[in-house]
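Since every read-out is calculated from the coordinates, none of them should be taken as a lab result. Here the structure is a predicted model, which means the values were calculated and not measured. No Cβ is skipped: glycine too gets one built from the backbone with ideal geometry, and neighbour counts run over all protein chains shown.
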Amino acid sequence: MTKENEQNQEKDPKYPFRSEKLLPREERVVRFLSTLQDILGAKIYNLPLDTYLGTCAKCNNCAEQCQVYQTSRDQRDLPAWRSDLLRKVYKKYFTTSGKLLGRLVGAEALTGEDIDNMVDAFYRCNMCRRCGVNCPLAVDNALVTRVGRVILERLGFVPTNMTVSTRAQLGEVGNTSAIPKAAFIDTLDFLEEELRDETGIAIPIPRDVEGAEFFFAAPVSDYIMEADTLLGIAKTFYAAGASWTVSMENFDAINYGLFYSDADLEKVLNRLLEAANSLKCKTIVIGECGHATKVGLLFQKVYGRPEYQGMNFKNIIEVSHSFLTEGKLAFDSTKNPETITYHDPCNLGRGSGLYEQPRELLKAAVMHFVEMTPNRQMNYCCGGGGGLVVVEDLHDWRMSTAGQKKVEQLRATGAKLVCAPCANCKKQIRELVHAHKLDMEVVGLHDLLGKAIVLSGKA
């Protein structure tokens with residue numbers, strides 16, 4: 001980045017974050033168009049993008065479904081307006097009607113100012129997909145946002161928090177929190193001691209077990225901040241008599257590539273697949289992490305190397321629910337007497353269809369469960385979706401504009417605990433609880449299962 005470009009960026013309020021290796025302004029339009037052309041030629045994108053960028057009913061149904069726009073009433077937060085930033089460029093350069101008729105069909109030439117507007121708009125979107133639920137043409141504005149971010153990354157626009165974490169994960173340290181392997185081993189030893197002290201049972205956290213049925217990978221941040229979630233998961237596997245393992249070589253499920261880069265998504269995904277394959281495990285179980293689950297379910301067939309195509313991906317909620325339905329788990333719900341509500345993470349709910357499984361687990365393990373309104377498919381995003389929870393420059397915006405509807409939802413339940421089985425959601429909602437002085441605490445699903453689970457007492 002030249003000194004002039006850096007100074008211009010610092011002065012421009014449109015940029016919500018500092019960018020690294022920012023492409024000079026005079027080169028941005030050419031790079032943008034060439035990248036969009038490449039994306040349109042990719043099998044994974046060509047058909048859906050032709051559909052989503054080629055049409056919009058202009059009905060604004062999406063406006064009243066977007067929690068950000070409901071709060072801000074700012075044009076920049078209209079899902080259709082945001083998608084139009086890319087749609088008009090697509091029509092101008094990649095459709096015959098747009099080349100011939102221009103503005104008459106909504107086609108406009110790309111300018112540097114348009115790119116500035118995209119940087120602002122595409123990083124004001126949680127990519128929660130709530131706007132698409134009632135769209136009469138089923139336009140996926142979140143996909144358009146993601147494609148916009150992928151293009152902008154090629155110009156140098158990407159939140160520094162994401163790139164720094166991804167570099168650490170793809171480097172020698174191998175995880176987004178830069179935890180050395182020795183420290184990870186110490187953490188596992190500590191967790192096993194905690195399990196023994198609490199239960200009187202030697203509950204293991206198996207390591208590098210070749211041929212285990214389940215290869216378990218959690219967001220590495222869980223090992224730092226969500227010990228109760230991991231303890232509950234270990235108890236669940238133990239109670240069900242399951243064969244499982246963690247890897248000493250790749251123990252981080254986080255994949256920030258989902259939010260800005262196909263290339264990084266592919267690299268991180270294949271590192272995880274390689275680790276599971278090396279241990280001859282056929283099923284990868286993702287911990288309480290929405291975006292990592294979505295990456296595995298949606299992108300493995302596209303970006304996974306051919307030798308890994310037989311691998312299955314599941315979220316820990318699916319696995320624990322199957323243990324429950326098979327009669328392998330028993331709970332004492334009196335261990336969770338508080339009033340508890342459930343937050344549907346966007347990537348587990350709208351993104352992966354996990355609605356009823358967590359509720360059935362909760363109802364088995366807690367005494368008083370209350371629903372948020374709305375819930376399931378129409379639940380509000382926590383306000384930190386789309387990776388924005390790690391963009392500290394957007395903290396105040398997340399606490400107000402993006403998170404206001406979730407705050408109202410939480411307050412209305414009267415619950416003392418909110419269960420959020422997603423690492424990003426936990427972080428965002430905890431910050432909302434603190435900022436808005438809500439009288440509740442945030443827990444993971446397996447925190448609650450771990451408290452109520454009935455163990456056999458095997459030594």
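In debye, nearest 20, what is the charge dipole magnitude of the chain about its Cα centre with +1 on Lys and Arg Cβ and -1 on Asp and Glu Cβ, if you could check?
Charge dipole of the chain: 1520 debye, to the nearest 20.
Taking the alpha-carbon distance from Lys282 and a cut-off under 15 Å, which aspartates and glutamates remain once sequence neighbours fewer than 8 residues away in the same chain are dropped?
Excluding near neighbours in sequence, the set is Asp208, Glu210, Glu213, Glu274, Glu307.
What is the gain in length, in nm to one decimal, between Ile185 and Gln70 on full extension, counting 0.36 nm per residue of separation less the C-alpha to C-alpha distance? Working shown, then result.
On the way: separation 115, 0.36 × 115 = 41.40 nm, distance 4.62 nm.
Extending this stretch completely gives an extra 36.8 nm.
What aspartates and glutamates does Lys99 reach when the alpha-carbon gap must be under 17 Å and sequence neighbours fewer than 8 apart in one chain are set aside?
Filter leaves Asp50, Asp84, Glu108.
What share of all Cα pairs of the stretch 231-374, in percent, falls into each consecutive 10 Å distance bin?
Result returned by the calculation: 10, 37, 33, 16, 3.
Using mean Cβ contacts within 10 Å as the protection proxy, how do 419-427, 67-75, 339-347 order, highest first? Show your work: numbers first, answer last.
Details: 419-427: 27.4, 67-75: 17.6, 339-347: 25.7.
My ranking of the peptides, most packed first, is 419-427, 339-347, 67-75.
Multiplying the sequence separation of Asp50 and Val302 by 0.36 nm and subtracting their Cα-Cα distance, what value in nm do you get? Mind dumping the intermediate values first?
Values: separation 252, 0.36 × 252 = 90.72 nm, distance 1.87 nm.
Contour length minus the Cα-Cα distance gives 88.8 nm.
In 5 Å bins starting at 0, how do the alpha-carbon pair distances of the stretch 3-158 split up by percent?
In order of increasing distance, the bins hold 2, 9, 18, 22, 20, 16, 9, 4, 0, 0 percent.
Which links in Lys43/Lys280; Lys416/Lys451; Lys43/Lys406 stretch past 27 Å when you go from one Cα to the other? Could you put the intermediate results ahead of the total?
Details: Lys43/Lys280 30 Å; Lys416/Lys451 16 Å; Lys43/Lys406 36 Å.
From Lys43/Lys280; Lys416/Lys451; Lys43/Lys406, over 27 Å: Lys43/Lys280; Lys43/Lys406.
Hey, if you put +1 on the Cβ of every Lys and Arg and -1 on every Asp and Glu Cβ in the stretch 414-459, which of Leu445, Val418, Leu432 ends up farthest toward the positive end of that dipole?
Leu445
Express as a percent, rounded to the nearest 5, the fraction of DSSP beta bridges in the chain (both residues included) that run antiparallel.
On the way: 1 of 22 bridges.
For the chain, the DSSP antiparallel bridge percentage is about 5.
Could you tell me how many degrees, from 0 to 90 and to the nearest 10, lie between the Cα long axis of helix 160-170 and the main elongation axis, the longest principal axis, of the Cα atoms of the chain?
60
Which loop GluC sites (Glu not before Pro) in the stretch 179-248, with loop taken from DSSP, have no more than 10 other Cβ atoms within 10 angstrom of their Cβ? Mind dumping the intermediate values first?
Values: sites: Glu192, Glu193, Glu194, Glu198, Glu210, Glu213, Glu226; in loops: Glu210, Glu213, Glu226.
Here the sparse-neighbourhood loop sites are Glu210.
Using bins 5 angstrom wide from zero, how does P(r) for the stretch 333-452 break down, in % of all Cα pairs?
With 5 Å bins starting at 0, P(r) equals 2, 12, 24, 25, 20, 11, 4, 1, 0.
Rounding to the nearest 10 and keeping the result within 0 to 90°, find how far the Cα-based axis of helix 356-365 lies from the longest principal axis of the chain.
30
Dividing the convex hull volume of the Cα atoms of the stretch 162-325 by its residue count, what figure in Å³ per residue is obtained?
105
Please give the direction-averaged projected area of the C-alpha convex hull for the chain, in square nanometres with one decimal.
Values: hull surface 87.8 nm².
Mean shadow area of the hull around the Cα atoms is 21.9 nm².
Taking only Cα atoms, what is the 0 to 90° angle, nearest 10, from helix 141-155's long axis to the longest principal axis of the chain?
70
About the Cα centre of the stretch 48-145, how large is the charge dipole given +1 on each Lys and Arg Cβ and -1 on each Asp and Glu Cβ? Please answer in debye to the nearest 20. Walk me through the numbers before you get to the answer.
On the way: 13 positive and 11 negative charges, 47 e Å.
Here the size comes out at about 220 debye.
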